[in-house]
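Some notes on the structure that comes next.
The values are calculated or read from the model by the stated rules, or taken from the named source; none is laboratory data. All figures in this text were calculated on a predicted structure; none of them were measured in a lab. Positions of Cβ are generated from backbone atoms using ideal geometry, with glycine treated the same way; all protein chains shown enter the neighbour counts.
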Amino acid sequence: ARATIGLTGLATMGRNLARNIARNGHTIAVHNRTTSKMTALIDEFGDEGDFVGCESLEDLVAAVERPRAIVIMVKAGEATDAVVDELVPLLDEGDIVVDAGNAHYRDTLRRQEALEEKGLHFVGMGVSGGEEGALNGPSIMVGGSDHAYEVLQPVVESIAADVDGTPCCAHIGHDGAGHFVKMVHNGIEYADMQLIAESYDLLRSVAGMTPAEVADVFEEWNGGDLESFLIEMTADVLRHTDAETGEPFVDVVRDAAEQKGTGRWTVQDALDLGVPITGIAEATFARSLSGHTEQRAAAREMFSTTPEEVDVDRDSFVDQVRAALYASKVVAYAQGFDQIAAGAEERGWDIDLGEVATIWRGGCIIRAQFLDRIREAYADEPDLTTLLTTPYFAEAVTDGVDAWREVIVAAVRGGVPTPAFSSSLAYFDGLRRDRLPAALIQALRDDFGAHTYERVDREGTFHTRWAEEGRPEEQVSD
Ligand code: 2AM
């Protein structure tokens, strides 16, 4: 045995991760169910580092030094279970199985428990950054035992993206913590993209700009607070012309967004935790709506599709949209970090939220300058109640709130749907509101279902006997 680490599953992600590991000087044993993918990797890229080609899982296990670390990079779900089941009988006590796929953290919890019973370590490793990230430096969120992380750390740190000398990887917590944080990362990515899409739609439909003009705006925005991978990429995509038709590329792409499910998982989990991640939820629903082709056709036929003309001054509208985008983005991230905090609390993970922001600064899809501000906010106050009220973000939202309202008014007038912008503002207004109509809801619940209520002026739980003369109030408990 001479390899530091082994990897099975050499589709694009696995292959790029293996090359990244080898390029960073680690001897890696590689295996794939269909052997030709393994030999192709070694034929094409064998000179990039020290690979040990293995034709069977037995060979793979034999090639790796103990305690063995074996990375599985196959399709999430049944394929992962199949490979784990095949691998486990070949391993020895203390060995480490790493699932680097996009697993649901609940599956990771289940697998971790099963492997722990057999004296093995199971690590759920969230890897973000797509194919390019896997090859050149992803953001890596590791969930597993302290011992497993100690063994993996040298490899993981060397292959992760690097920002100002800090590797974008961390030991997030035990068992499912890494995949949980990766899931919320993807949810935030949904919100980020929806906010960008709404901004683009407003600039085109309300301000009447061409895709190329909108590209210029995004390019300019990328020079400021909004600087991020996605904003930069938006400018690039909007400037692209379809080679076949000569049309703006964005106009030849069918407008039905797809999803692999991580946004949905994030929203489902938030519902269980009771965390209002409205930005991510609206982004997920907006994708669903776009895919309901038949309903959209029926509605287009029934209702006018020409929005009302809204008269705006183009330059000031661009500035207003920028402010609305930034404020909504602050809300979406604040909600995502709330969910991580709530999930950590519920499942007993000790997650350092500042560290999460730190390792998202590079390698992953939502990498942005903005994350430095979040890192700083948690450095100043580790037990932060909400990111929204930290000085930097509070100022951004306060400065932008008038523009935010103006943009939503223009969107509503013009018939341009802005679910993420609007729900983020509603969330902000909801949080900052003096009195919420939740008081009426509590009263109604007590009336129809005797669900009881609390009072603003006295301690205790009360019920009003609504059906009786004079509606007497009784105190149910202290
Ligand atoms: P394959 O090349 O033999 O199909 C993405 O599908 C990767 O996961 C591929 O490397 C694929 O191997 C592997 N994979 C999918 N299902 C698998 C299974 N049940 N067992 C082993 N590998 C699997």
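Checking the structure you have, find out if any residue of segment 411-423 is charged (D, E, K, R) and part of a helix (DSSP H, G or I). Yes, because at least one residue in segment 411-423 is charged (D, E, K, R) and part of a helix (DSSP H, G or I).
Residues that are free of Cβ contacts under 8 Å to residues at least 12 places away in the same chain and not small (G, A, S) within segment 65-89 comprise E78, D85, P89, listed in sequence order. When residues in segment 226-258 are screened for being among the polar types (S, T, N, Q), surrounded by 13 or more Cβ atoms within 10 Å (Cβ to Cβ) and outside any strand (DSSP E or B), 1 of them pass.
State yes or no: is T266 modelled with pLDDT of 95 or more, more than 17 Å from the chain's Cα centre (by Cα) and either more than 30 Å from G77 (Cβ to Cβ) or in a helix (DSSP H, G or I) (or both)? Even if it seems obvious, please write down each step before you answer.
Details: modelled with pLDDT of 95 or more: yes; more than 17 Å from the chain's Cα centre (by Cα): no; either more than 30 Å from G77 (Cβ to Cβ) or in a helix (DSSP H, G or I) (or both): yes.
It is false that T266 is modelled with pLDDT of 95 or more, more than 17 Å from the chain's Cα centre (by Cα) and either more than 30 Å from G77 (Cβ to Cβ) or in a helix (DSSP H, G or I) (or both).
Among the residues of segment 32-71, the ones that are near the ligand (Cβ under 10 Å from one of its atoms), within 26 Å of G261 (Cα to Cα) and aliphatic (A, V, I, L, M) come to 0 in all. Would you point out which residue out of A29, A62 is of a type in the set (A, V, I, L, M, F, W, C), more than 22 Å from M141 (Cα to Cα) and either out of contact with any Gly (no Cβ under 8 Å at 6 or more places or on another chain) or without any contact (Cβ under 8 Å) to a residue 12 or more places away in the chain (or both)? One residue alone meets the criteria, A62. Restricting the first member to segment 270-281 and to residues that are on the phi > 0 side of the Ramachandran plot, and the second to residues that are of a type in the set (A, V, I, L, M, F, W, C) and modelled with pLDDT of 95 or more, the beta-carbon pairs closer than 9 Å and six or more apart or on different chains are G274/A342. Here V97 fulfils each of the conditions (1) part of a strand (DSSP E or B); (2) touching a Gly at 6+ places or on another chain (Cβ under 8 Å) apart from (2).
Residue-by-condition table, conditions (1) small (G, A, S); (2) buried (at least 18 other Cβ atoms within 10 Å of the Cβ); (3) assigned to a strand (DSSP E or B):
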site: K182; (1), (2), (3): no, yes, no
site: H185; (1), (2), (3): no, yes, no
site: A191; (1), (2), (3): yes, yes, no
site: L195; (1), (2), (3): no, yes, no
site: A207; (1), (2), (3): yes, yes, no
site: A215; (1), (2), (3): yes, yes, no
site: G224; (1), (2), (3): yes, no, no
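Just to be sure before I move on: is V142 without any contact (Cβ under 8 Å) to a residue 40 or more places away in the chain, under 21 Å from V88 (Cα atoms) and among the aliphatic types (A, V, I, L, M) in the structure I sent?
Values: without any contact (Cβ under 8 Å) to a residue 40 or more places away in the chain: yes; under 21 Å from V88 (Cα atoms): yes; among the aliphatic types (A, V, I, L, M): yes.
So V142 passes the test.
Considering only residues in segment 10-29 that are in contact with a Lys or Arg (Cβ under 8 Å, 6 or more places away or on another chain) and not polar (S, T, N, Q), the one that is nearest to the ligand (Cβ to nearest atom) turns out to be A11.
Applying the criterion of being away from the ligand (no atom under 13 Å from the Cβ), in contact with a strand residue (DSSP E or B) (Cβ under 9 Å, 6 or more places away or on another chain) and among the charged types (D, E, K, R) to the residues of segment 72-108, the residue that is nearest to K118 (Cα to Cα) is D95. Limited to segment 310-326, what total is found for residues that are in contact (Cβ under 8 Å) with a residue 12 or more places away in the chain and over 18 Å from the mean Cα position of the chain (by Cα)? The total comes to 11.
Against the numbered list (1) surrounded by 21 or more Cβ atoms within 10 Å (Cβ to Cβ); (2) in a helix (DSSP H, G or I); (3) small (G, A, S), A114 comes up short only at (1).
In the set (1) within 15 Å of the ligand (Cβ to nearest atom); (2) under 18 Å from V156 (Cα atoms); (3) of a type outside the set (S, T, Y); (4) touching a Lys or Arg at 6+ places or on another chain (Cβ under 9 Å), the condition left unmet by I5 is number (1).
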